[in-house]
Amino acid sequence: MTPQLDTLRHVPLFRSLTDDEAHRLDTQCFWHRYEAKQQILGHGEGGTDVFFVISGVVRALIHGSGGREVILGDIGAGQFFGELAAIDGQPRSASVVAVTGATLARMPAGVFREAIHRHSDSCDQVLELMAARLRLLDRRVNEFSSLDIKHRVVAELLRLSRPDRTDPSRAVVSPPPFHAEIAARVLARREAVTRELNLLEDAGLLERRRGAFIPTDIQAMLAQIRDSQSGDI
């Protein structure tokens, strides 16, 4: 028998469910394929369904003053969004668009709430996710209030990076984000981001390779951020 590919069975939130329990949830969802750049949710919209990303990547964002786009974060396969509206019934707090082609399962709020109430592991994961998002929000608010553009760019590069398995002092950002994307993450203009990336490269703290940015000295970059926040730079 060919295994079902589009299923909630592989979503970490439901890791403690049996195959039968996961299949029951599958049948209570609406499944949809989105193309890259297609909008999934709009900021301020009604609706309380929760969306699970089965494949692909989607992006949460809002539009600030003057229509400037502010990227809140990317959501990949196995993750979910829309749970805030499912919990409090309020309008959507952000827009969500597909970055790549993506398959999503849309779960009614009542089904979602019943599932997390029934399965303690799922409930604990939702609580941990809420705590992690709140901590991330605290860090970003602190960065916006205490760091200049240069150090916001450095902080975002490190946040987007993964460790270099061949050299623990370095990191890898792949695929490399467009300058406009970094700008939308750090509340800056694209030209300012381009200037700061060039300066990091001139200082030997950033290498550009085909398909990747390489932060070359993680500790030095972290020290810059700490010194900037303490007023030493």
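Go through (1) at pLDDT 95 or above; (2) surrounded by fewer than 19 Cβ atoms within 10 Å (Cβ to Cβ) for PHE80 and report which single condition fails.
Among (1) at pLDDT 95 or above; (2) surrounded by fewer than 19 Cβ atoms within 10 Å (Cβ to Cβ), the lone unmet condition for PHE80 is (2).
Go through the stretch 89-117 residue by residue and tally those that are at pLDDT below 95 and either assigned to a helix (DSSP H, G or I) or not assigned by TED's automatic domain parsing to the domain that holds PRO12 (or both).
Here the count works out to 0.
Table: residues versus (1) of a type outside the set (Phe, Trp, Tyr); (2) buried (at least 17 other Cβ atoms within 10 Å of the Cβ); (3) modelled with pLDDT of 95 or more; (4) part of a helix (DSSP H, G or I).
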{"residue": "MET130", "(1), (2), (3), (4)": "yes, no, no, yes"}
{"residue": "ARG140", "(1), (2), (3), (4)": "yes, yes, no, yes"}
{"residue": "ARG165", "(1), (2), (3), (4)": "yes, no, no, no"}
{"residue": "PRO175", "(1), (2), (3), (4)": "yes, no, no, no"}
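Which one is farthest from LEU222 (Cα to Cα) among residues in the stretch 171-181 that are without any contact (Cβ under 8 Å) to a residue 40 or more places away in the chain, in contact with a strand residue (DSSP E or B) (Cβ under 9 Å, 6 or more places away or on another chain) and of a type outside the set (Gly, Ala, Ser)?
Step one: list which residues in the stretch 171-181 are without any contact (Cβ under 8 Å) to a residue 40 or more places away in the chain, which gives 174-180.
Applying the additional criterion that residues be in contact with a strand residue (DSSP E or B) (Cβ under 9 Å, 6 or more places away or on another chain) yields 174-177, 180.
Okay, now just the ones that are also of a type outside the set (Gly, Ala, Ser), so 175-177.
Values: PRO175: 22, PRO176: 20, PRO177: 20 Å.
Once the filter is applied, the top-ranked residue is PRO175.
Quick one: which of GLY78, GLY73 is of a type outside the set (A, V, I, L, M, F, W, C), in a strand (DSSP E or B) and at positive phi? Write out each step before concluding.
Working: GLY78 fails: in a strand (DSSP E or B).
Checking each option against the conditions leaves just GLY73.
Run down THR27, THR18, THR48 and say which single residue is out of contact with any Lys or Arg (no Cβ under 7 Å at 6 or more places or on another chain), β-branched (Val, Ile, Thr) and farther than 18 Å from ARG106 by Cβ.
Working: THR27 fails: farther than 18 Å from ARG106 by Cβ; THR48 fails: farther than 18 Å from ARG106 by Cβ.
Sole residue among the options that is out of contact with any Lys or Arg (no Cβ under 7 Å at 6 or more places or on another chain), β-branched (Val, Ile, Thr) and farther than 18 Å from ARG106 by Cβ: THR18.
The values are calculated or read from the model by the stated rules, or taken from the named source; none is laboratory data. On a predicted model such as this, the values are computed, not experimentally measured, just so you know. Neighbour counts run over all protein chains shown; Cβ positions are idealised from the backbone, glycine included.
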